[in-house]
Amino acid sequence: MTIKLGVPSKGRLMEKTFDWFGARGVSLSRSGSDREYAGAVEGVEGVELVLLSAGEIPRELSAGRIHLGVTGTDLIREKLGQWEQQVEELALLGFGQADLIIAVPNCWVDVDTLDDLDAAASAFRAKHGFRLRIATKYHRLVREFLRDNGVADYQLVDSQGATEGTVKNLTAEAVADITSTGETLRANHLKLLADGMALASQATLFRARKAPMTAQDRLALKALVTKLGIAA
Ligand SMILES: Nc1ncnc2c1ncn2[C@@H]1O[C@H](COP(=O)(O)OP(=O)(O)OP(=O)(O)O)[C@@H](O)[C@H]1O
Ligand SMILES: O=P(O)(O)OC[C@H]1O[C@H](OP(=O)(O)OP(=O)(O)O)[C@H](O)[C@@H]1O
């Protein structure tokens, strides 16, 4: 058998992940054409590269189909209940930083904090007869964050992309999404709440707690983490 290392197959995390491993003497590369999801690992024995969507890596780790995986901390916490029992954080990789935040329209001049949002949500329900809508793809994280901060009278509406557009499109009153430069929020006339940061995320190397391993795999894993300069 081999140790399976899951890495994002494209997008913002792939190249930086390749660079991070490369800087530590483990060369990851896509083999074949640009469109073929096959990869190669050089510099360490017994490790196989599995190219996957960043969003699918949590599930593959949890199922034990990959032993190691690189993805955002936000995706692990959102997609895996009791994530710490399923995966171990081996290393924060120092890129892919993004914050999960709650944002409301700039024109809501009386709403700057979560307390204000709670008050606005109650007033909204009384006036409109339905709950204020917050668009997000981070259902678990946003529910937990708002519950812990006493915001009650809202409903989540699912948005899998272009979330900041939902306010202009009148399908939501507020959004909960990832931001890094803040440009998308600004361009869509949204402001983040002063205490509205639910999570600071970055790309992280995770180990699956339940992935089956032979004695040989354990040696390969040990050699890999030693080469990467991390403890496991
Ligand atoms: N500006 C940003 N916007 C969105 N995600 C970001 C940003 N910066 C870093 N990230 C992180 O990148 C990860 C998502 O990466 P990406 O968008 O490539 O994945 P994905 O949407 O699952 O990809 P795919 O389209 O292959 O399904 C998340 O962990 C997220 O926190
Ligand atoms: O703060 P910024 O630097 O502007 O980045 C934030 C934007 O980037 C992400 O969208 P992505 O590009 O993944 O597209 P999506 O809308 O399809 O999720 C995220 O959902 C925000 O919309």
Check Val87, Val47, Val70, Val41 and return the single one that is under 13 Å from the mean Cα position of the chain (by Cα), in the same structural domain as Arg12 (by TED's automatic domain parsing) and among the hydrophobic types (A, V, I, L, M, F, W, C). Val70
Checking the structure you have, find out if any residue of the range 99-116 is assigned by TED's automatic domain parsing to the domain that holds Leu193, free of Cβ contacts under 8 Å to residues at least 60 places away in the same chain and over 22 Å from Asn188 (Cβ atoms). yes
Of the residues that sit in the range 164-211 and are within 12 Å of ligand 2 (Cβ to nearest atom) and in a loop (DSSP other than H, G, I, E, B), which one is surrounded by the fewest Cβ atoms within 10 Å (Cβ to Cβ)? Thr181
Looking only at residues that are within 16 Å of ligand 1 (Cβ to nearest atom) and farther than 22 Å from Leu221 by Cβ in the range 20-37, which one is surrounded by the most Cβ atoms within 10 Å (Cβ to Cβ)? Arg30
Can you pull out the residues in the range 1-41 that are within 16 Å of ligand 2 (Cβ to nearest atom) and either free of Cβ contacts under 8 Å to residues at least 60 places away in the same chain or over 17 Å from Gln97 (Cα atoms) (or both)? Ser9, Lys10, Gly11, Met14, Glu15
Touching a Phe, Trp or Tyr at 6+ places or on another chain (Cβ under 8 Å) and over 19 Å from Trp20 (Cβ atoms): which single residue out of Arg77, Arg59 fits that description? Arg77
Could you list, in sequence order, all residues of the range 92-111 that are under 17 Å from Met14 (Cβ atoms) and small (Gly, Ala, Ser)? Gly94, Gly96, Ala98
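A quick yes/no check of all residues on (1) β-branched (Val, Ile, Thr); (2) more than 21 Å from Leu192 (Cβ to Cβ); (3) part of a helix (DSSP H, G or I); (4) modelled with pLDDT of 95 or more:
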| site | (1), (2), (3), (4) |
| --- | --- |
| Gly96 | no, no, no, yes |
| Asp99 | no, no, no, yes |
| Ile102 | yes, no, no, yes |
| Asp116 | no, no, yes, yes |
| Ala121 | no, no, yes, yes |
| Arg125 | no, yes, yes, yes |
| Phe130 | no, yes, no, yes |
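Here's the yes/no breakdown for (1) aliphatic (A, V, I, L, M); (2) away from ligand 2 (no atom under 14 Å from the Cβ); (3) within 20 Å of Asp74 (Cβ to Cβ):
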position: Ile102; (1), (2), (3): yes, no, yes
position: Trp108; (1), (2), (3): no, yes, no
position: Val111; (1), (2), (3): yes, yes, no
position: Asp115; (1), (2), (3): no, yes, no
position: His128; (1), (2), (3): no, yes, no
position: Leu132; (1), (2), (3): yes, yes, no
position: Tyr138; (1), (2), (3): no, no, yes
Quick check on my filter: what residues within the range 146-163 are surrounded by 20 or more Cβ atoms within 10 Å (Cβ to Cβ) and assigned to a helix (DSSP H, G or I)? Leu146
With the requirement that a residue be without any contact (Cβ under 8 Å) to a residue 60 or more places away in the chain, on the phi < 0 side of the Ramachandran plot and in contact with a strand residue (DSSP E or B) (Cβ under 9 Å, 6 or more places away or on another chain), what does the range 169-191 give you? Thr171, Ala172, Thr184, Asn188
Out of curiosity, is Leu100 buried (at least 18 other Cβ atoms within 10 Å of the Cβ), closer than 18 Å to Val167 by Cα and within 16 Å of ligand 1 (Cβ to nearest atom)? yes
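The values are calculated or read from the model by the stated rules, or taken from the named source; none is laboratory data. This one's a predicted model, so the numbers in the text were calculated from it and none came from an experiment. Note: ideal-geometry Cβ built from the backbone for every residue, glycine included; neighbour counts use all protein chains shown.
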